[in-house]
Every structure is written in C-alpha cells, then in structure tokens.
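The values are calculated or read from the model by the stated rules, or taken from the named source; none is laboratory data. Computed from a predicted model, the values in this text were never measured in an experiment. All Cβ positions, glycine included, derive from the backbone under ideal geometry; neighbour counts span all protein chains shown. Keep in mind that these areas ignore ligands, DNA and RNA; they rest on the heavy atoms of the full protein, side chains included. Shrake-Rupley method; radii C 1.70, N 1.55, O 1.52, S 1.80 Å.
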Protein chains: 2
Amino acid sequence: MTTEPEVPAYRPPTLTDVARLAGVSVATASKAINGRGEVRSTTRVRVLEAAELLSFAPNALARGLLSGRTGTVGLLTSDLEGRFSIPILMGAEDASGAGQVSVFLCDARGDAIREKHHVQALLSRRVDGLIVVGSRTDPRPPLAGNIPVPVVYVYAPSADPADISITVDNVGGGRLAIEHLLACGRRTIAHITGEAGFQAARDRAEGAAAALAAAGLRMVGDRPYFGSWDESWGRAAAHMVVEQHPEVDAIFCGSDQIARGVLETLRDFGRDVPRSISVIGFDNWEAIAADSRPRLTSIDMNLKHLGEVAGQRLFAAIEGAAPSSEEFPGRVVMRESTLPVG
Amino acid sequence: MTTEPEVPAYRPPTLTDVARLAGVSVATASKAINGRGEVRSTTRVRVLEAAELLSFAPNALARGLLSGRTGTVGLLTSDLEGRFSIPILMGAEDASGAGQVSVFLCDARGDAIREKHHVQALLSRRVDGLIVVGSRTDPRPPLAGNIPVPVVYVYAPSADPADISITVDNVGGGRLAIEHLLACGRRTIAHITGEAGFQAARDRAEGAAAALAAAGLRMVGDRPYFGSWDESWGRAAAHMVVEQHPEVDAIFCGSDQIARGVLETLRDFGRDVPRSISVIGFDNWEAIAADSRPRLTSIDMNLKHLGEVAGQRLFAAIEGAAPSSEEFPGRVVMRESTLPVG
C-alpha cells in the first residue's frame, strides 16, 4: 500500500481534542481521565465518553509522569543467547495476567558501562521496576548507583543479601538427578560437569555427592569430573570414565551439551543407553535435549516459573511490600536416556 | 549492605534544584537546558554550570515529550529462543556507536494482540522507531494501526513493499553453499532441508539448484529432500540418501540441526566426513555447529550485520530520509566437515 497523498496523515487524538469535544478545559479533562482532583461525576462521564469516541489512548508516558506508574518493567540481561532470559521475560509478563505489563529487555553484554547506560534509559522511561538476569548463578554485584524503583535479581542472586533474589536450587537439582538415577536402579554413578569456577557446577556436584552419600554410595572416581560446559568435554570425560571404570552404570551430566558428548562416546564404545547405562543432563535445553538419540532426560530449572515469581515479587515491591529472596527446585523431565532397570 | 537509617535516601536532582542554584525560574532553567526559547547566554551558562554541579540528568522522558527524540528504539520479536533477535538487537545498538542508543526488546510470541500491546507500550514511551524481527523469512503483515514512528522489518520482510525491509538473501545462501562444495571438488550433491512451507527452505533450495545447473549438474535424487528442521529428519533423510544414492559425495543441509542428524547417520554408515563425503549446514548456530564431530562448516546469515544496517536505516528514517529495502548475502564459515579433495 502506498499512502494516498490527498489523505492527511493520521495524528493520534490528544487530550486537547478530548477536552474540546467534551466542552471542558484541558486541566479538567486530564483530572477526569487520570481520576485525580475534583471533577463532577457528570463531567467525568462526559470526558470519558469523548475519549472513547475519539479512541483516545492516554499517553502512558504522561500518565507515568503524573502517577508514577506505567505498567512497564525493564529486564537487564547479559545472557548472549537469550536462552535463560527469554523464558524469564515470558514468566514475568505472565505474572500479572496477559496484556497488563510489558517487559522491555536490554542486553548489557556483561559490560558494566553498558548496563549503567541501559538502566538510565529504562529509568528515564519510568519503568516501575527492574529485573536483573545473570548469565551464571554466581552472585553478582547489585546495580550501581541509587535506583529509585524496586529491583529483583533472577537466576544470579545479588551479592547483597538485603536485595530480592529469585534463584534456582542447584544443590537440590544435583540431588534430584541422582535420586532419579537411583530410582532407575543405578548404583555406580559418575558425574561429568562444567568449570569448577562456576557456582552452578559446584552446587550441582555438592547435591549429587550428598544424595549418593545418603544412599551409602560414592561417585565413580571419587570426585566430579570438572571440565567445561561443552560437548567436547563430554566426549573426552566419558572416554576416561568408561576406560577407567567400565562398571559405571549411569552418568549425571552438568549440562545437556556435556550429555550430548557423553552419548556420542558411549555409542562409540557400544554401550547401550539406557539399557546398559543411563544418562541425565541439566538445563532441559530443547534444541539440544529433545532430539538427541536417545532423547535426553534432563533437569529443568523452571525458568519461566522463576520469571513469574520474580514478576510477582517485583509487583509486590512496587506496591510497597518487602518480599524476601527465594530459591526454587528444578524438576526431572524424563525422556529415553534413563529407564528403570529390572 | 543495609541502609543506614540516619542517611536520607538519595533523591535525583530536579530542574527545580538547578533553577534554585542558578537563581533563575524553573521555566528559564528549562529553556536553557533544552536550548529552546529566549535565554540570555550568560543565564544559559549559569544554568548549565548549576546542572553540571548537581549532576543533573535531564529526564529523557520529559525531554522526549519536548523534542520528540529519546535515543531509544523498540525491537519486537516473536523469536522464542532469542537466537535471531539477540544478534540483531546487538547490531542495531552498535549502529550508532556504543552508548548512543538503547534497544528495548519486547517478545510478541507470534501473537497479534500481544504485539499490539507491546507496540502501544513502546510508543507511549516515545521510542524513536521500531525494529520488527520475524521468526521465519516469510513476509509478514505490516504492523497494525497507525504507527507514528519509522519502522524497519528485519529477517522477515513486511508484506507491504513500501515498507523498509532488511533481509537475508536465502537464494544466494543456497548458491554459496553449493559453490563451496563444488570448490571442494564435490560433484554428487544432495540437499536435505526443512519444511517446504517455509520461504527459507524454498529459497535455499532454489539457489542450490541454480548453482548446480550452472555447473552442469543436478541434485542427487533430482529434488531437495524437504522435511523438518530437526536432527531426526537429518538422520532419516541421510539414511535414505546414502541407501538410494551411495555415490553421494556431499550433502547441503538447510539447517545446522539437520546437519547434526546427517553427521550422525553418516558415522553409523561408516562414511568418513569430510574425506568420503562433505557436509555443510546453514545458520552457523554456535551451540550446534562449533562443537560437533567433525566441527560443522555452515552458512552464516550475518544477523549482527543485518541488525547494524537495520539500525542505520532506522536512524536515517528518523532523520527524515527514505531508505529502501535491502537484501544481504550470507558467508561460508569453514570448519572441518568440508575439505578440498585432491
């Protein structure tokens, strides 16, 4: 469609148009629409009818200036793939019913200066609150400067315990994985995971060790195999484990990518998954876990639920409440790489 | 850190504070800072010095109301994984120098009502323009309603040719892939790709067929193997191709996920990649392509560059120019799954 030149360009109706149609002053129209100040109810009805007739959408920016509320939340992330932040964003939007809130995502790319710039841009647009999503679960410094709106930290907690942080219980996640393997009848379990420098790797390993100890068992090799989060490490570590401990009957992997590498090596060794050996991943990253051969059982961190809780806590804080930090368990999503054995 | 109760909470300096310090009225301070109206130059200097002294950051929201410019762009996406939209967002931000522009991403989840809600939220916050990112390359309807700011469509073009659309040349991408395989010495090439209902699948196949025809060749099986975008299809289709056409010496895959499935089946058949057969993917999705065995050669769509161009065109449109639509070629990212043969 090309614009017909004779048709004047569309101009959204203004408060002045509404006031003119209702036969009142702009100040009165503003009071009537914003529900503030003294306006006779008949006048108020007349103004609202005029607004309706003109499809007048009160400018949220101007409304924000008046009321201090805009129904908008900023989400700061440094998660370059959007893999963690997009489900959290969706959860936060859904926390207060469809169409009530818009979440604006800004990508700080792990850079403090860029983060500050985005915070400033979001605040100057009068967001009601901020959600800060970390790219790893290690505590992060709180946002710099004085932030005049509530802030909720998700996935990575704030290093300041006075802040509100909504996080995943990774120790519990490690425990869940091992308990699932034990329930499947496995007893000789290895743990191949990512870099020991990551809190998430240490937490998952701690939970795994605790669950094994509770069953009177120890990890194969007497320690977690820390390495990196990728497939190459999964392939290399599985090679070591199978060569040194051929009796291994299950492997708990710290990420789905590691698990993919493990599956590949086990296939090379002719080890049947899940009949001879079970494999469980972590993250439940659909693109990696859902279409592997066999399809991968994995721990899901419920990121969307985390986002929902973060949204709820943020809105509560905006309303003046003082919510506290919370940690949530993951859940097992069972596919074909683990099976109960007789 | 807990807040020390005796320290009053930080309050950002207001225009009133600036005016008071400069000894002028708020109206004068506003004119001086916004560069509008009549203000004596000595007064202007005094106001700006006071603003500097107080670290007064003129409220961008209020500035936006005055000047109609805010340095902020909205990005609407329906890409549930953020895989396409995050690089495009980064490119758009980088288009005008670091720290000049903030891009706010909103996720419409492929839902027209949600899209409208987000557009409204972004417009009411006075974004200077909108970038709309599709989740597939098929043309999409233009944004509904009257949009008072420039809009640039990226990845998926607008169905309205009068709109500005910045897209990937998928026909060219298919051609690139085949030309790379031909340059590696391959002559017996199959094409396994996604759903024929996707423009991207049809375009890539068209480019592949054209490049083969230009070399006097035809596709193995005389047609593309259309199916789905996932690994399962890659495994199944590779099985068919290798059984029916054992002479095949290269496979061009419509996505990296399909290529992963193809690699797996070729390994099952004992076909050596890249010595006996070459494989090239499409997307250059790091998590899928960069750590496979062998590591996957792939066509990269240069999404970050697409975002940069979209940002530049959007800013030009905001300044009053009338940029036209553009289509960009991809590039080959060579890894280990293709090698020149002797």
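Only protein heavy atoms count here; under a 1.4 Å probe, residue A:116 has an accessible surface of about 140 Å². Dipole magnitude for segment B:170-301: about 340 debye, using +1 per Lys or Arg Cβ and -1 per Asp or Glu Cβ, origin at the Cα centre.
Per residue, how large is the accessible surface of chain A? Use a 1.4 angstrom probe and give square angstrom.
42 Å²
Within the set A:31/B:31; B:31/B:304; A:116/B:304, which residue pairs have Cα atoms separated by over 29 Å? Correct reply: B:31/B:304.
As a test of the formula, what do you get for the protein assembly as shown when each DSSP H run with n ≥ 4 contributes -39,500 (n - 2.57) and the sum is divided by the residue count, at 222 nm and rounded to the nearest 500 deg cm²/dmol?
Numbers: 24 runs with 276 residues, N = 684.
-12500 deg cm²/dmol, from helical runs alone.
Annotation: the antiparallel percentage among DSSP beta bridges lying fully within the protein assembly as shown is about 10. When the charge dipole of segment B:251-294 is built from unit charges on Cβ atoms (+1 for Lys and Arg, -1 for Asp and Glu) and taken about the Cα centre, the candidate among B:262, B:292, B:276 whose Cα reaches farthest toward its positive end is B:276.
Of the three principal axes defined by the Cα atoms of chain B, the extents in descending order read 88, 51, 39 Å.
Within the accessible area of the protein assembly as shown, what % is carbon and sulfur when the probe is 1.4 Å and the other protein chains stay in place?
Details: 15350 of 28880 Å².
That fraction is 53 percent.
Using heavy atoms of the protein chains and a probe of 1.4 Å, the accessible area assigned to residue A:147 is about 40 Å². Accessible surface buried at the A:B interface totals approximately 5100 Å², computed with a 1.4 Å probe on protein heavy atoms.
Let me know the charge dipole size of the protein assembly as shown about its Cα centre in debye, to the nearest 20, where only the beta-carbon of Lys, Arg (+1) and Asp, Glu (-1) is charged.
1520 debye
Ordering A:142, A:171, A:224 by Cα displacement along the dipole of chain A toward the positive end leaves A:142 in first place; charges were set at the Cβ atoms of Lys, Arg (+1) and Asp, Glu (-1). Here the contact order of chain A, divided by its residue count and restricted to Cα pairs under 8 Å and six or more residues apart, works out to 17 percent. Nearest to the axis that brings chain A onto chain B is this chain A residue, judged by its Cβ, with the distance in whole Å: A:82, 1.
Using +1 at the Cβ of each Lys and Arg and -1 at the Cβ of each Asp and Glu in segment A:80-204, identify which of A:82, A:193, A:159 lies farthest towards the dipole's positive end. After comparing all options, I get A:193.
In the assembly of identical copies, residue B:276 has its label point, taken 7 Å from Cα in the direction of the beta carbon, separated from the corresponding points by 2.2 nm (ascending, one decimal). Label-to-label distances for residue A:141 across copies, nearest first, come out at 4.8 nm, using points 7 Å from Cα in the beta-carbon direction. Among beta bridges from DSSP that stay inside chain B, the antiparallel ones total about 10%. For chain A, the dipole from Cβ point charges (+1 on Lys and Arg, -1 on Asp and Glu) about the Cα centre works out to 780 debye, to the nearest 20. Remark: label point of residue B:206 defined 7 Å out from Cα along the Cα-Cβ vector; separations to the same position in other copies 5.8 nm, ascending.
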